[in-house]
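Take a look at the structure below.
Laboratory data are not the source of any read-out in this text; all were calculated from the coordinates shown. Just so we're clear, the structure is a prediction, and the values are computed from it rather than from any experiment. Virtual Cβ from ideal backbone geometry, glycine too; neighbours counted across all protein chains shown.
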Amino acid sequence: MILTIMASFAQEESRRISENIKWGKRKRFEEGKEDMVRIFGYCHTSDERYTISPKEAEIVREIFYRYVHGETRRQIAADLRERGIKTYSSGRWRHLLIDRMLNNEKYVGDAILQKTYAENHLTHKLVRNTGELPKYYVKDSHPAIVDRHLFEQAQKILKMRNVKYGNISYPYGEMLECPYCRKTLVHGSLKDISCAGNRIHNGGWGCYGKDGFRKYLVIQIFLDDAVISAYSKKHGIKMEKVDFYWLDYFIERILPGENDVSVIWKDGETTVAKMKFPKERFLPSPFSDFYNSYLERIRSGKKKNKNRFLMGLEVCENGNNESTGENRG
Ligand SMILES: [Zn+2]
């Protein structure tokens, strides 16, 4: 009996303390303070503010810079491992850690407060706050490691490379316009397609309808070459490859045709560059016919779909306007 009373007293006490902590925490959040969690790039000081740890901050900046300049999370993680750089927990660099860092608003000097909270007063287990309690977004709450422009470019690329948002749209995003109907072209994987011994990498961009690619589907490698040559026509510099950071900086819109590409620059000028196709049937219209008949054979069961993310198929199956790609960054 006494034991039961003791236990329930302890339970009540625990609940009360937990509530107090929660309340105290919330008050601190409202004042713009927050519990300190160890974050790579920052060290803690007694006044509870984030202080930059210069050596780690250098690595953080490098990660953002490389990601924005076209490297994938996996490539960056592999390189950091190879160089023997330690994470804060002395663990291995993995692409998921890089992902968390790229998504962390702390590096731009902001803070989302109360991302987690103690689930209940008995376990004190921390759970993610998915709207049960208020969240606070504090801008410029502490010194930034990466500048806002770089951070925002990284956010755009994360979104472009995230299959959850539908088709992967890296690197052109919504810049490409269908020459026939002016709809924005979407990206898809063409990994299973190999024509006349040529492996087609990097997918293509097509005018997307629920029946597949109506009339227009351009293979990305040929488009890339033309955009690069438009850039060197205008700026006199040959870019190594097409990356979002420079497209975003210079280009307003791209209008690909059957043989050429018109690049409309942010300064209002237009440059036209030829697309070179090794064979007639790689041109956008014939290729979309070819590809549509390929999809048709898969749909009718005459051919096996080995690639789950094959462009165009998911749309038919779900009847919605989304597709997926496998080209995860
Ligand atoms: Zn179209």
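List of remarks:
- When His44, His142, His187 are arranged by Cβ crowding within 10 Å, least crowded first, meaning fewest neighbours, the order is His44, His142, His187.
- Distance between modelled label sites at Asp260 and Arg92, nm, 7 Å Cα→Cβ extension: 5.2 nm
- Taking each of Lys55/Lys241; Lys106/Lys241; Lys159/Lys215; Lys55/Lys106; Lys215/Lys274 in turn, the alpha-carbon distance tops 26 angstrom for Lys55/Lys241; Lys106/Lys241; Lys159/Lys215.
- Both radii were evaluated on the Cα set of region 37-160; the Rg over Rh quotient, with Rh as the Kirkwood radius, amounts to 0.99.
- Value of Rg/Rh across region 95-162 [Cα atoms, Kirkwood radius]: 1.05
- Kirkwood Rh and Cα Rg combined as Rg over Rh, evaluated for region 226-282: 0.98
- With the simple model of a label 7 Å out from the Cα in the direction of the Cβ, Glu152 to Asn129 spans 2.6 nm.
- FRET efficiency estimate (nearest 0.05) - Cβ-Cβ, Ile221 to Glu296, R0 30 angstrom: 0.75
- Neighbours of Cys178 by Cβ distance under 14 Å: Lys/Arg scored +1, Asp/Glu scored -1, total +2.
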